[in-house]
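Structure record follows, encoded as structure tokens.
The values are calculated or read from the model by the stated rules, or taken from the named source; none is laboratory data. Keep in mind the model is a prediction, meaning the values are calculated, not measured. For neighbour counting, all protein chains shown are included, and Cβ atoms are generated from backbone atoms with ideal geometry for every residue, glycine included. SASA here: full protein model, heavy atoms, side chains in, ligands and nucleic acids out. Shrake-Rupley method; radii C 1.70, N 1.55, O 1.52, S 1.80 Å.
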Amino acid sequence: MADHDITSPLLSSDHLIVTVEDSASSGGAGGGWNPFRHLGCDEELTVPAAITVDPFRNGTPEMEGVYEWVKTVVCLPLAVVRLVLFGLCLAVGYVATKLALHGWKDKENPMPRWRCRIMWITRICARFILFSFGYQWIKRKGRPAPREIAPIIVSNHVSYIEPIFYFYELFPTIVASESHDSIPFVGTIIRAMQVVYVNRFEPSSRKQAVREIKRRASCDRFPRVLLFPEGTTTNGRSLISFQPGAFIPGYPIQPVIVRYPHVHFDQSWGNVSLGKLMFRMFTQFHNYFEVEYLPVISPLDDKETAVHFRERTCRAIATAMNVVQTGHSYGDTMLHSKAQEAKQENPSNYMVEMAKVESLFHISSLEAVDFLDKFLAMNPDPSGRVQYHDFLRVLRLKACPLSEKIFAFIDVEKRGTITFRQFLFGSAHVMKQPGFHQACEVAFAECGGAVKAYIVEQELRDFIQPAISSWEEDEVHELFVLFDNNNDGKIDKGDFLSCLRRNPLLIALLKPQPQYKESFGNGVLESVMG
């Protein structure tokens, strides 16, 4: 060995190349490194336990027991008579409604009194329709408050029976989905109620509906306004979240409760087809229906928020019904339907209390359905859980330490499998981080989008290579195809950001990786960010 004095370098070379392994690529699946810390995600993901209540499930979806079968057979002739009565009343009511609407152009103002008198024919027909469904008598408790005291009525929603009843009893203005307008016969009758149409998925439509509710509630010449704030039907054994539309105008509200007492036949719409529900109603001797008008609830003062007003009303209804309140919404029925279409063994596993998810993460029901589409592509098992390799396949990821970290981040139970609830909460949690959108913009620019308005495959490969060094060319191509929506061989900024919003977990791949260079010429260790 050569002799060295104190000023001699330890190695003869002027430079030493040092490989520094970043924590992003070290450690196994059980490690504690957070792949989304660079977004501001410092805390671990927490996913609340799924609630066991299913507010939409019909208690008797099928006929069971000798009594039900015998009763159905005995009532078949009665069902035929009731069906004829139903059809006749619907036809007469339709003709009367067409007559009442004939030549009426000014739909912005209240219906003239003489036209309302013609509508009494349709209202009487509505009562006979209820009679044909087996509601020979209806139990009432309390009474409607005068319109000048409570211009808005809200009610829980269990079946298609309540709108028929309220049409007969109160002839109110209703708020309904735009899709109701195209229903044969019924759409015409709904228009005669001077319906306020709303598209629940368009914020501008919802704002316009609130303005229209306020305008009509403030004018005594309009009928009172009726809303079903749950936005969909339930089984009546719980109360789901209320939409805010009825409470924003700030007018006194009268809550109304409907109940359907039963032993053998649950009359809630739930997960039963309309045809089957109607048939079973026709083949019952009598169906029980109760209506209770609760005391009017007024805003406490001008400073009370619509949210607090809504919560007070919701509690009053839940207390009177003696049921629990849940965070479900119409979005959960969309998730349930999607899982049902995919023939999942238990579609209820895919409901997530969508109202709470929207409040926490500000994602829409349509976005949640898109996440469910992706999750179902991962081939969940009968219990609704997805394996690691299927997770990688759909997200176009390669098995490596970084992929393990991404999966471990949402596998909060550390079972090696994930549920849709965990996948949705994890994805939404990443999108909610303060640095997510900026990280997406920076990633696009760093990939090459800052020079030209698009990225090609080679640029994407070069950028993500430090994250997963063992990428094969065909594997990178699959990831590129995921981003390239229009298959033109280029990823523009819109495609890039849209893909990351649909697949927010992929942002962990696109973090700028540190490149280290150590120079002994000046004794400085430099860290150059790529």
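Structure notes:
- Estimated inter-spin distance, Thr46 and Leu360, nm [label 7 Å along Cα→Cβ]: 1.0 nm
- Shape of the range 89-233, Cα gyration tensor, a/c cut at 1.5: rounded
- Using a Förster distance of 35 Å, the FRET efficiency for Ser337-Glu64 (Cβ separation, nearest 0.05): 0.90
- Rg/Rh for the chain stands at 1.12; both radii use Cα atoms, and Rh follows the Kirkwood definition.
- Shown are Ile51, Ile174, Ile257, whose ranking by accessible area with a 1.4 Å probe and every protein chain present, most to least, is Ile51, Ile174, Ile257.
- Here the dipole of the range 118-160 is about 180 debye; that uses its Cα centre as origin and unit charges on the Cβ of Lys and Arg (positive) and Asp and Glu (negative).
- Computed from phi, the 3J(HN,Hα) profile of the range 444-458 under the Karplus parametrisation 6.51, -1.76, 1.60 (θ = phi - 60°) reads 5, 5, 5, 5, x, x, 6, 8, 10, 8, 7, 10, 9, 4, 4 Hz, with x in place of Gly and Pro.
- Dipole-positive endmost among His336, Gly384, His264 within the chain (Cβ charges, Cα centre): His264
- The range 231-293: chymotrypsin sites (Phe, Trp or Tyr not before Pro) falling in loop per DSSP and having at most 15 other Cβ within 10 Å: Phe285
- Placing a pseudo-label 7 Å from each Cα along the Cα-to-Cβ vector at Val307 and Val442 gives an inter-label distance of 3.1 nm.
- Percentage relative contact order, the range 261-367, counting C-alpha pairs under 8 Å, at least six apart: 18 percent
- Chymotrypsin sites (Phe, Trp or Tyr not before Pro) within the range 427-509, DSSP loop, no more than 12 other Cβ atoms inside 10 Å: none
- Potential lengthening of the chain between Lys452 and Ala399 amounts to 15.9 nm, from the contour at 0.36 nm per residue minus the alpha-carbon distance.
- Net charge dipole size for the range 290-432 [Lys, Arg +1 and Asp, Glu -1 on Cβ; Debye, nearest 20]: 680 debye
- For the chain, the per residue solvent-accessible surface stands at 49 Å², with DNA, RNA and ligands left out and a 1.4 Å probe.
- Here the chain has 57 percent of its accessible surface on carbon and sulfur atoms, given a 1.4 Å probe and all protein chains in place.
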